[in-house]
1. Of all residues in the stretch 34-72, how many are over 19 Å from K9 (Cβ atoms), at pLDDT 85 or above and among the polar types (S, T, N, Q)?
2. Tally up the residues in the stretch 129-139 that are in a helix (DSSP H, G or I) and at pLDDT 90 or above, please.
3. Scanning for something touching a residue at least 40 places away in the same chain (Cβ under 8 Å), in contact with a strand residue (DSSP E or B) (Cβ under 8 Å, 6 or more places away or on another chain) and farther than 26 Å from I1 by Cβ, does the stretch 204-211 turn up at least one residue?
4. If you go through the stretch 163-204 one residue at a time, how many are out of contact with any Lys or Arg (no Cβ under 7 Å at 6 or more places or on another chain), open to solvent by less than 50 Å² (accessible area, probe 1.4 Å) and farther than 15 Å from V87 by Cβ?
5. Do the conditions hold for T219, that is, is it modelled with pLDDT under 95, surrounded by 12 or more Cβ atoms within 10 Å (Cβ to Cβ) and more than 24 Å from V141 (Cα to Cα)?
Amino acid sequence: INNVIGRVKLADITLDHCQKCLNSLVEEGFSDYMVKQTAILLRFILDKAQANKLIKDNPARTISAKGKKAKVSRALTEEERTAFLKVKDNDPRYIIFDIMYNTGLRPSEARNLKGKDILMLNDVPVLNVLGTKTASSVRKVPIPYELYQKIKNTPKNDFICQSNNNTKFDEKSFQRAFKSLKKDMNIELGCQMYRNKLVPPYPLDENFIPYYFRHDYCTRLCYQNVSPTVIQKVLGHIDQKMINEIYSHISDEMVANTFQNI
């Protein structure tokens, strides 16, 4: 709630603001239970505000507890992965997506990272992730060498991922950065431009969401035969049910590569 409407004046909060709070949870892959509980909390907070005559009406009273329809989670296609790897250094803001791609962090977890969360464990650089969902989401995730070189000198109390004004990402600045990334990926995929605007058709899937980076990370670990127990640990899941579902994300290209040398 704070990420989405924390800076909005109480009297200015609308139904649309409340719905965006739930939609953002859906975008980040939170459970239906969490979405429903957040809807209940919003109604309760704004009911109290109305009872204390701070607002005239409760804008969350008619909120849909389902949020918007969740997009199908999947890994990146080969074309999307290639395009992302080519444009990920175009903008300093894109480090947040680089981290999600290389460590499987949730968007909210990546936004909260600080320099002090970069640690060494048995001579291996890791991120100390203070999870946002359950106790199991508190974990340490290895950092690939190239990514470690980019972030290792972050001052301890600075956020690793920052918006254009050198502050922590909030929901709006995060979405602006993602919109810019999608534009760059579309251009890399061959989309035409006119007066600095993309010209349809757009090569990149219009439903492309940040959470695909997390699923792609899991898919790549599965493809490399990493133990499901290890994958469960680094992704911060309570059980392996979610991990088993990720196997369906392995692409035809990955299957072909597996059998190429048999």
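The values are calculated or read from the model by the stated rules, or taken from the named source; none is laboratory data. Only a predicted model underlies this, so the values are computations on that prediction, with no experimental measurement involved. Neighbour counts are summed over all protein chains in view; Cβ atoms, including those assigned to glycine, are modelled from backbone coordinates with ideal geometry. We work out accessible area using only protein heavy atoms, side chains counted, and drop any ligands, DNA or RNA first. Shrake-Rupley method; radii C 1.70, N 1.55, O 1.52, S 1.80 Å.
1. Residues flagged as over 19 Å from K9 (Cβ atoms), at pLDDT 85 or above and among the polar types (S, T, N, Q) within the stretch 34-72 amount to 2.
2. Of the residues in the stretch 129-139, 0 are in a helix (DSSP H, G or I) and at pLDDT 90 or above.
3. No, every residue in the stretch 204-211 fails to be touching a residue at least 40 places away in the same chain (Cβ under 8 Å), in contact with a strand residue (DSSP E or B) (Cβ under 8 Å, 6 or more places away or on another chain) and farther than 26 Å from I1 by Cβ.
4. Total meeting the criteria: 3.
5. No; evaluated as a whole, the condition is false for this residue.
For every residue, the table says whether it meets (1) within 29 Å of K182 (Cα to Cα); (2) of a type in the set (V, I, T); (3) surrounded by 19 or more Cβ atoms within 10 Å (Cβ to Cβ).
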| site | (1), (2), (3) |
| --- | --- |
| K9 | no, no, no |
| F30 | yes, no, yes |
| I45 | no, yes, no |
| P59 | no, no, yes |
| S64 | yes, no, no |
| E78 | yes, no, no |
| F84 | yes, no, yes |
